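The values are calculated or read from the model by the stated rules, or taken from the named source; none is laboratory data. On a predicted model such as this, the values are computed, not experimentally measured, just so you know. Backbone-built Cβ (ideal geometry, glycine too); neighbour counts: all protein chains shown.
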């Protein structure tokens, strides 16, 4: 029996890797729960020995599955080989721009995407790239900013770009080098850039945050009718504290809130650190992760709500007071969810799709050995009272090889009237578009997949983020670069008439009334 436990806090509730191992065969156990009983006599690094993790935070959180050879995974049904491509008939790959310059190396992983007007902003562990996508079939590189510090997830708002740094650095400059988190003077947090000229972004501010910034989420301040917000609030997600880290101390059951004055972004500062888990959150065990912070938050600013994927817990928050978010709902899946990774509301905010990043994004989990309910999406209905009710799991049906990291990752809605449709990245599982209008019976309607990068070792790669923006699908492929797709399907009729001036999928806009 599945164990879906809800911890309800209604709206009266109080507020409460080592840089990267980008290559190598993973020794990973996916047939048993993660770290069901961690040996306290060993370190997290020792317990994760041989596993690939995408960040220092993932390593410290033991978001890995050490102990068994990947040969135990049944990949007999994998169809694509190195250099091969597959897709549903309704998908066309329009363009690909390979990684280049300072981002070309295998260790320089492409990460998240954000959009503003004719531009796409693409994160990379070494900085970010600006693409002109006015002509989607012929995207062009406009500029490349070298500023190392994983993951370098990006968001944009007006003329500003926010960049997340979740690796301990010698300072907050773009010429910093790696430095242990045990050193008090080390830095990690968020950086702010002026992108009023996308050809020449300007670095204007940096804010250090506890445990760094694995990801971040934007919500503009509340404004009077007819007037623009004066401030931008940045909700910083981070996790995996250690008593040996001066700036990342346990229990770290909080998020950091940075306020960015839009007219004076150089004055950006951390203003609050609200505790989200006064009871400590999920203690871990039985296959689920201990909660020591959040991996990702997704805001729906126009509805004053936010969904949090917080390692061992899924939560809903009231953000009507931007500086004092309140947890109103809390759920756990101690049977199938190993690591609550991200969340997406449907347009009406009556459903939430949570993802489980089993294995930390560096493991082969898309195979019959692992099964269809682990490393998958969990789809929940969200009632008017704010209660979450589990309805189903969704996972891509195609078996991937043992040298392909594959698990549920970042996606966004496709704006079709009267339907709930999402497109989503699955690392080397490619991407999948599925209809979850019937939340108990999600159905795939389009997909794209490349074969493994290598057949003799697992190279961390595949689609990190895949999003719909103004009629096209854009994807940041970790190793192969920036992709543009077109999906021709009657079930998407009307979607191309919905256009956005700006899109940050972790700060969802309402696309129809």
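Take residue 307 and decide whether it is farther than 30 Å from residue 220 by Cβ and crowded, with 23+ Cβ neighbours inside 10 Å. No; evaluated as a whole, the condition is false for this residue.
Out of the residues in region 471-487 that are farther than 14 Å from residue 416 by Cβ and part of a loop (DSSP other than H, G, I, E, B), which is nearest to the chain's Cα centre (by Cα)? Residue satisfying both the conditions and the ranking: 478.
A Cβ distance below 6 Å, combined with a sequence gap of six or more or placement on separate chains, defines the contacts here; from region 490-513, residues that are on the phi < 0 side of the Ramachandran plot and crowded, with 20+ Cβ neighbours inside 10 Å reach residues that are at pLDDT 95 or above and assigned to a loop (DSSP other than H, G, I, E, B) in the pairs 492/416; 495/415; 495/416.
Residues of region 233-242 that are surrounded by 24 or more Cβ atoms within 10 Å (Cβ to Cβ) and in contact with a helix residue (DSSP H, G or I) (Cβ under 9 Å, 6 or more places away or on another chain): 238, 239, 240. For region 285-296, a residue qualifies if it is at positive phi and modelled with pLDDT of 95 or more, and exactly one does: 293. If you check residue 229 against the conditions, is it surrounded by fewer than 21 Cβ atoms within 10 Å (Cβ to Cβ), in contact with a strand residue (DSSP E or B) (Cβ under 8 Å, 6 or more places away or on another chain) and either at pLDDT below 95 or part of a loop (DSSP other than H, G, I, E, B) (or both)? Answer is yes for this residue. I'd like to know if region 256-271 contains one or more residues that are farther than 25 Å from residue 160 by Cβ and surrounded by fewer than 17 Cβ atoms within 10 Å (Cβ to Cβ). Taking every residue of region 256-271 in turn, none turns out to be farther than 25 Å from residue 160 by Cβ and surrounded by fewer than 17 Cβ atoms within 10 Å (Cβ to Cβ). Within region 100-123, residues that are over 23 Å from residue 215 (Cβ atoms) reach partners that are modelled with pLDDT of 95 or more with beta carbons closer than 6 Å, at six or more positions or on different chains, in the pairs 101/144; 118/132; 118/134.
Within the set of pairs 6+ apart or on separate chains, which have a first residue in region 241-261 that is at positive phi, a second that is part of a loop (DSSP other than H, G, I, E, B) and buried (at least 20 other Cβ atoms within 10 Å of the Cβ), and C-beta atoms under 9 Å apart? Pairs that qualify, where the first residue is at positive phi and the partner is part of a loop (DSSP other than H, G, I, E, B) and buried (at least 20 other Cβ atoms within 10 Å of the Cβ), are 252/210; 252/211; 252/238; 252/240; 252/241; 252/292. Summed over region 423-467, residues that are outside any strand (DSSP E or B) and within 18 Å of the chain's Cα centre (by Cα) total 7.
Kindly establish whether residue 348 is over 21 Å from residue 75 (Cα atoms) and not in a strand (DSSP E or B).
Values: over 21 Å from residue 75 (Cα atoms): yes; not in a strand (DSSP E or B): yes.
Answer is yes for this residue.
Whether a residue is farther than 17 Å from residue 430 by Cα and in a loop (DSSP other than H, G, I, E, B) was assessed, and residue 386 passes this test. The selection criterion, being crowded, with 24+ Cβ neighbours inside 10 Å and in contact with a strand residue (DSSP E or B) (Cβ under 7 Å, 6 or more places away or on another chain), holds for residue 216. Mind listing just one residue for me: the one in region 272-291 that is touching a strand residue (DSSP E or B) at 6+ places or on another chain (Cβ under 6 Å) and part of a strand (DSSP E or B) and, of those, surrounded by the most Cβ atoms within 10 Å (Cβ to Cβ)? Selected residue: 272.
None of 252, 216 is under 23 Å from the mean Cα position of the chain (by Cα) and part of a loop (DSSP other than H, G, I, E, B) except 252.
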